[in-house]
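Asker: Sending over a structure as structure tokens; questions will come in a sec.
The values are calculated or read from the model by the stated rules, or taken from the named source; none is laboratory data. Bear in mind the structure is a predicted one, so any value in this text is a computation, not a measurement. With ideal geometry, Cβ positions are generated from the backbone for all residues, glycine too; neighbour counts draw on all protein chains shown.
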Amino acid sequence: MLMFCLGIQNLVFAQNIQQDKIDVQKVLKRYSEVTSCETSFDDNEFSLKDIFLVNKDEDDTAYYVYWRADFGCRGGSGTTGFYISEVGHYSDPTFLVRNNAAFGEEVEQIISSGFITKVSQVNKNHFVIFTAKHDEDDSPNFPSLLYEYVVKRESNYDTWDVVSSRLIKKQ
């Protein structure tokens, strides 16, 4: 009987996360419509797999969302970039976009977030991010170095750190 109850509890939790992800997507899509153009939502490139749960409890629920946009609709060459936004809620169940630098400004500067190609979540405190960076002779819009960054934190409310980086290839 205990196993049955635990199974039901896990199923309900998974369904709640799935509904949360749908709600998070709607909130970020509306946000993107008033702040940017050329988004991954416009091109149907966005998937619920691009939403990562990092915290869920009564007082604080947070998801990180990987997406593409041209903030401010500048429309120039190289104005579209990739972002990892934090969307969450506190005790009120309404999701809000908290920021567009979910891992913090220091990590964003290290990983060159504008050229992120892939985000993978190992667990709620451990991510692997692939991003392109510029070599000496690269033009501004075409970085040729592909890096893998491992980003971790000790617990929910600690700051994120880049714990390792490695050059994957030169394109």
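Asker: Could you please let me know if Ile116 is farther than 18 Å from Trp67 by Cα, touching a residue at least 12 places away in the same chain (Cβ under 8 Å) and not polar (S, T, N, Q)?
Answerer: no
Asker: Could you list, in sequence order, all residues of region 127-152 that are surrounded by 15 or more Cβ atoms within 10 Å (Cβ to Cβ), of a type in the set (Ser, Thr, Tyr) and in a loop (DSSP other than H, G, I, E, B)?
Answerer: The answer is Ser144, and nothing else.
Asker: Just to be sure I understand the filter: pairs with C-beta atoms under 6 Å, separated by 6 or more residues or on different chains, first member in region 36-62 and aliphatic (A, V, I, L, M), second member in a loop (DSSP other than H, G, I, E, B). Which pairs pass?
Answerer: Val54/Lys124
Asker: Another question about this same structure. With the structure loaded, tell me whether Thr94 is at pLDDT below 95, surrounded by 10 or more Cβ atoms within 10 Å (Cβ to Cβ) and farther than 23 Å from Val151 by Cβ or whether it fails that test.
Answerer: It is false that Thr94 is at pLDDT below 95, surrounded by 10 or more Cβ atoms within 10 Å (Cβ to Cβ) and farther than 23 Å from Val151 by Cβ.
Asker: Just give me the residues in region 158-171 being outside any strand (DSSP E or B) and either of a type in the set (Asp, Glu) or closer than 19 Å to Glu108 by Cβ (or both), in sequence order.
Answerer: Those that are outside any strand (DSSP E or B) and either of a type in the set (Asp, Glu) or closer than 19 Å to Glu108 by Cβ (or both): Asp158, Thr159, Trp160.
Asker: Can you name every residue in region 81-123 that is of a type in the set (Ser, Thr, Tyr), assigned to a loop (DSSP other than H, G, I, E, B) and either farther than 21 Å from Asp158 by Cα or touching a Cys at 6+ places or on another chain (Cβ under 9 Å) (or both)?
Answerer: Across region 81-123, the qualifying residues are Thr94, Ser112.
Asker: Please work out which residue is farthest from Gly81 (Cα to Cα), limiting yourself to region 5-38 and to residues that are of a type in the set (Val, Ile, Thr) and modelled with pLDDT under 95.
Answerer: Ile8
Asker: Of Gly114, Gly81, Gly76, which residue is exposed (fewer than 12 other Cβ atoms within 10 Å of the Cβ), at pLDDT below 95 and not aliphatic (A, V, I, L, M)?
Answerer: One residue alone meets the criteria, Gly76.
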